[in-house]
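Asks: The structure's right below; bear with me while I get my questions together.
The values are calculated or read from the model by the stated rules, or taken from the named source; none is laboratory data. Please read all numbers here as calculations on a predicted model, not as lab measurements. Counting neighbours? That spans all protein chains shown, and the Cβs are built from the backbone with ideal geometry, glycine included. For the accessible areas, the whole protein counts, side chains as well, though only heavy atoms, and no ligand, DNA or RNA atoms are used. Shrake-Rupley method; radii C 1.70, N 1.55, O 1.52, S 1.80 Å.
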Amino acid sequence: MSKQPKHILMTGGTGSIGKRLTNLLLQEGYTVSHLSRKKGNDPRVKTFLWNVSKGIIDEQCLEGVEAIIHLAGAPIAEKRWTNKRKKELIDSRTESIRLIYDLLKRRSNKVTRIISAAAIGYYGDRSDAWMTEESGPGEGFLPECCIAWEKAIDEGEALGLGIVKLRTGVVLDKMNGALPQMAMPVKLFAGTPLGSGKQWVPWIHWLDAASIYLFALKNDQLKGVFNMTAPDPVTNKDLMKAIAHKLHRPLWPVNVPPFVFKMLMGEMSIIVLGSTRVLAQKIEDAGFKFQFPDLRQALKNIYG
């Protein structure tokens with residue numbers, strides 16, 4: 001095994017996983033720098049500025065860096081998917097990594113590895129079928145976005161870089177992402193399964209998500225694509241039931257019908273209504289041990 005990288009450059013470092021992962025890396029003794037659109041306020045982290053849409057990047061960001069963690073990308077569920085927004089979602093993922101690769105070609109550097117976010121959206125809506133890393137992509141905008149994203153990441157292979165792509169599921173975090181949105185109606189005594197409730201939700205505890213990035217950094221033989229989801233996917237109904245149980249609230253047996261989400265969200269409703277049943281066997285076979293493989297145990301830790 002080669003020497004572990006100790007200086008990490010991170011994109012998307014101010015996002016929910018980025019903040020958690022930054023703290024974890026600093027606790028482990030890594031030096032962490034961020035590439036960001038605006039100046040950071042964490043005194044432990046040096047921030048370099050970039051503007052992906054304008055093709056601007058601070059060339060000093062590579063100084064001493066041995067590995068890059070790429071988390072940058074516009075939030076997938078923040079705005080309705082117009083054609084303009086779809087282009088923004090794809091470009092924020094593909095052109096950001098290309099901007100980095102362009103700099104690596106032009107400037108002397110020590111970078112040997114790229115560990116990048118990807119998404120289980122690659123598989124699309126696949127009902128009850130189990131998805132492994134070998135499964136083909138689904139149909140629709142989410143798979144289209146993920147295919148373009150992963151192809152852009154793989155362009156680093158031509159530079160001799162070791163590449164790991166982590167297809168991320170629904171990250172459960174009390175403060176960020178999908179969980180607060182799902183928990184809100186439950187807290188207001190209005191919790192119900194969403195859509196049919198039978199759609200599979202490939203979830204992961206935020207600490208396991210951050211820990212998999214650390215695991216990939218420490219194991220330089222790790223290459224290729226890995227599903228980053230807990231070993232035990234659940235249906236939406238079971239997830240909502242577990243949230244309601246943890247928050248000591250009822251879950252009403254009346255489902256919110258699919259047409260409501262389609263009316264409110266348009267094409268983006270697939271995020272809520274799509275079913276993706278994902279196997280995490282490959283990352284476990286590589287030696288990663290989940291701290292929260294069980295949903296109830298994960299929610300107990302998150303809510304205390």
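Asks: Looking at (1) out of contact with any Phe, Trp or Tyr (no Cβ under 8 Å at 6 or more places or on another chain); (2) within 22 Å of GLY140 (Cβ to Cβ), which one does SER275 not meet, given that it meets all the others?
Replies: That leaves (1) as the condition not met.
Asks: Go over the candidates LYS300, LYS289 one by one and state the one that is surrounded by fewer than 15 Cβ atoms within 10 Å (Cβ to Cβ), modelled with pLDDT of 95 or more, outside any loop (DSSP other than H, G, I, E, B) and not hydroxyl-bearing (Ser, Thr, Tyr). Break it down stepwise before answering.
Replies: On the way: LYS289 fails: outside any loop (DSSP other than H, G, I, E, B).
Within the list LYS300, LYS289, the selection yields LYS300.
Asks: Can you tell me which residues in the range 215-250 are among the charged types (D, E, K, R), in contact with a helix residue (DSSP H, G or I) (Cβ under 9 Å, 6 or more places away or on another chain) and closer than 19 Å to PHE292 by Cα? Quick ask: steps written out before the conclusion?
Replies: Taking the range 215-250 and keeping what is among the charged types (D, E, K, R), we get 218, 220, 223, 232, 237-238, 241, 246, 249.
Filter once more, so that each one left must be in contact with a helix residue (DSSP H, G or I) (Cβ under 9 Å, 6 or more places away or on another chain): 232, 238, 246, 249.
Those that are among the charged types (D, E, K, R), in contact with a helix residue (DSSP H, G or I) (Cβ under 9 Å, 6 or more places away or on another chain) and closer than 19 Å to PHE292 by Cα: ASP232, ASP238, LYS246.
Asks: Give the residues of the range 149-165 that are open to solvent by 30 Å² or more (accessible area, probe 1.4 Å) and more than 24 Å from GLN281 (Cβ to Cβ), sorted by residue number. Can you show your working first?
Replies: Of the residues in the range 149-165, the ones open to solvent by 30 Å² or more (accessible area, probe 1.4 Å) are 151, 154-155, 157-160.
If the condition is that a residue be open to solvent by 30 Å² or more (accessible area, probe 1.4 Å) and more than 24 Å from GLN281 (Cβ to Cβ), then LYS151, GLU155, GLU157, ALA158, LEU159, GLY160 are the ones that fit.
Asks: Scan the range 165-179 residue by residue and report those that are more than 14 Å from THR276 (Cβ to Cβ) and either outside any helix (DSSP H, G or I) or charged (D, E, K, R) (or both). Before you say what the answer is, go through the steps one by one.
Replies: Keep residues of the range 165-179 that are more than 14 Å from THR276 (Cβ to Cβ), which gives 165-166, 171-177, 179.
Result: LYS165, LEU166, VAL171, LEU172, ASP173, LYS174, MET175, ASN176, GLY177.
Asks: Looking at the range 216-274, which of its residues are basic (Lys, Arg) and open to solvent by 70 Å² or more (accessible area, probe 1.4 Å)?
Replies: Hits for the range 216-274 are LYS223, LYS237, LYS241, ARG249, LYS262.
Asks: Just to verify a result, which residue in the range 97-117, among those that are in a loop (DSSP other than H, G, I, E, B) and closer than 23 Å to TYR213 by Cα, is least open to solvent (accessible area, probe 1.4 Å)? Don't jump to the end; show me each part of the working.
Replies: Initially, the range 97-117 is screened for residues in a loop (DSSP other than H, G, I, E, B), giving 107-112.
Okay, now just the ones that are also closer than 23 Å to TYR213 by Cα, so 109-112.
Details: ASN109: 53, LYS110: 132, VAL111: 16, THR112: 77 Å².
By that ranking, first place goes to VAL111.
Asks: Scan the range 166-204 for residues that are buried (at least 18 other Cβ atoms within 10 Å of the Cβ), touching a Ser or Thr at 6+ places or on another chain (Cβ under 9 Å) and more than 16 Å from LYS237 (Cβ to Cβ) and jot them down.
Replies: LEU166, ARG167, THR168, GLY169, VAL171, ASP173, GLY177, ILE204
Asks: Can you find, within the range 118-132, the residue that is nearest to VAL272 (Cα to Cα) among those that are open to solvent by 20 Å² or more (accessible area, probe 1.4 Å) and within 19 Å of the chain's Cα centre (by Cα)?
Replies: Applying the filter and picking the extreme gives ASP125.
Asks: Looking at (1) within 21 Å of PHE215 (Cβ to Cβ); (2) assigned to a helix (DSSP H, G or I); (3) charged (D, E, K, R), can you tell me which one GLU144 breaks?
Replies: Exception for GLU144: condition (1).
Asks: Right, next: List the pairs whose first member sits in the range 275-294 and is farther than 9 Å from ALA230 by Cα, whose second member is at pLDDT below 95 and part of a loop (DSSP other than H, G, I, E, B), and whose Cβ atoms are under 6 Å apart, counting only residues at least 6 apart or on separate chains?
Replies: Close Cβ pairs satisfying both conditions: ARG277/PRO233.
Asks: Would you please list the contacts, defined by Cβ atoms under 9 Å and residues six or more apart or on different chains, that run from a residue in the range 218-243 that is free of Cβ contacts under 8 Å to residues at least 60 places away in the same chain and within 30 Å of LYS6 (Cβ to Cβ) to a residue that is open to solvent by less than 40 Å² (accessible area, probe 1.4 Å) and of a type in the set (A, V, I, L, M)?
Replies: none
Asks: Return yes or no: is ASP232 of a type in the set (Asp, Glu), within 22 Å of GLY121 (Cα to Cα) and outside any loop (DSSP other than H, G, I, E, B)?
Replies: Answer is no for this residue.
Asks: Same structure, new question: Across the range 180-205, what is the total count of residues that are part of a helix (DSSP H, G or I) and within 20 Å of ALA129 (Cβ to Cβ)?
Replies: Selection size over the range 180-205: 0.
Asks: Quickly run through the range 57-96 and pick out the residues that are open to solvent by 50 Å² or more (accessible area, probe 1.4 Å), in contact (Cβ under 8 Å) with a residue 40 or more places away in the chain and under 25 Å from VAL45 (Cα atoms).
Replies: GLU59, GLU95
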